[in-house]
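The values are calculated or read from the model by the stated rules, or taken from the named source; none is laboratory data. Bear in mind that the values here come from a model prediction, so they are computed numbers and not experimental data. Every residue, glycine as well, gets a Cβ built from its backbone with ideal geometry; the counts of neighbours run over all protein chains shown. Each accessible area value is taken on the protein alone, full model and side chains, heavy atoms only, with ligands, DNA and RNA left out. Shrake-Rupley method; radii C 1.70, N 1.55, O 1.52, S 1.80 Å.
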Amino acid sequence: FIKILDYHLDINRREIAKNKKKLKLTEREVNFLIYLNTIQKPATINEILSSVWKYSDMTETHTVETHVHRLRKKFLQTFGDKNTIKNNSRGYYI
């Protein structure tokens with residue numbers, strides 16, 4: 001288990017839980033959340049692509065933005081939380 005804010009992430013089951021509510025995640029979503037939780041600072045899209053997706057710096061894709069959008073939607077629907085993954089001018093963070 002990994003604690004992320006008020007959530008408990010079960011890596012083996014790929015589930016995140018809060019207040020007896022559970023949300024199934026994909027392996028990539030789990031890796032993305034663990035990465036953001038571990039670095040504890042805003043991460044740029046290129047840093048995320050390199051660390052989580054193993055893409056090169058020269059790759060142009062909307063993969064990160066798409067995953068953030070989907071995760072925010074899942075968290076809102078399951079937990080009523082729309083602020084788990086935040087972003088500012090420096091990047092994405094938890």
**OP:** List the aspartates and glutamates whose Cα lies under 14 Å from the Cα of Lys22, skipping any in the same chain that are fewer than 8 positions away.
**Re:** Asp6, Asp10, Asp81
Original post:
With every protein chain left in place, what is the accessible area of Lys86 in Å² (1.4 Å probe, nearest 10)?
Top reply: 80
**OP:** Calculate how steeply helix 27-39 sits against the longest principal axis of the alpha-carbon atoms of the chain, using the helix alpha-carbon long axis, and give the answer as 0 to 90 degrees to the nearest 10.
**Re:** 80
**OP:** Quick one: which residues, 5+ away or cross-chain, put their amide H under 5 Å from the amide H of Ile85? H built at 1.01 Å from N.
**Re:** none
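Normalized C-alpha radius of gyration of region 1-48, against 2.2 N^0.38 Å? Intermediate results must be reported in sequence, preceding the final value.
Numbers: Rg = 11.1 Å, N = 48, 2.2 N^0.38 = 9.6 Å.
Taking N as the residue count of region 1-48, the ratio is 1.16.
Divide the volume of the convex hull of the Cα atoms of the chain by its number of residues and quote the answer in cubic angstrom per residue. Don't skip to the answer; put the middle values down first.
Working: hull volume 8.3 nm³, N = 94.
Spread over its residues, the Cα hull of the chain gives 89 Å³ apiece.
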Subject >> Net charge of neighbours whose Cβ lies under 9 Å from the Cβ of Arg14, counting Lys and Arg as +1 and Asp and Glu as -1 >> reply: -2
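For the full complex of protein chains and a 1.4 angstrom probe, list His67, His62, His8 by accessible area with the highest value first. If you can, show how the numbers build up before the last one.
Numbers: His67 40, His62 130, His8 90 Å².
Sorted descending by solvent-accessible area, the residues read His62, His8, His67.
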Original post:
When only DSSP loop residues count, what chymotrypsin sites (Phe, Trp or Tyr not before Pro) in region 1-46 have their Cβ near at most 13 other Cβ atoms within 10 Å?
Top reply: Phe1
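Hey, which of these cross-link pairs are over 20 Å Cα-Cα: Lys18/Lys82; Lys3/Lys82; Lys20/Lys41? Provide the component values of the computation, followed by the final result.
Values: Lys18/Lys82 14 Å; Lys3/Lys82 18 Å; Lys20/Lys41 28 Å.
Lys20/Lys41, as the Cα separations exceed 20 Å there.
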Original post:
So which GluC sites (Glu not before Pro) in region 1-64 end up in coil per DSSP with only 14 or fewer other C-beta atoms within 10 Å?
Top reply: Glu60
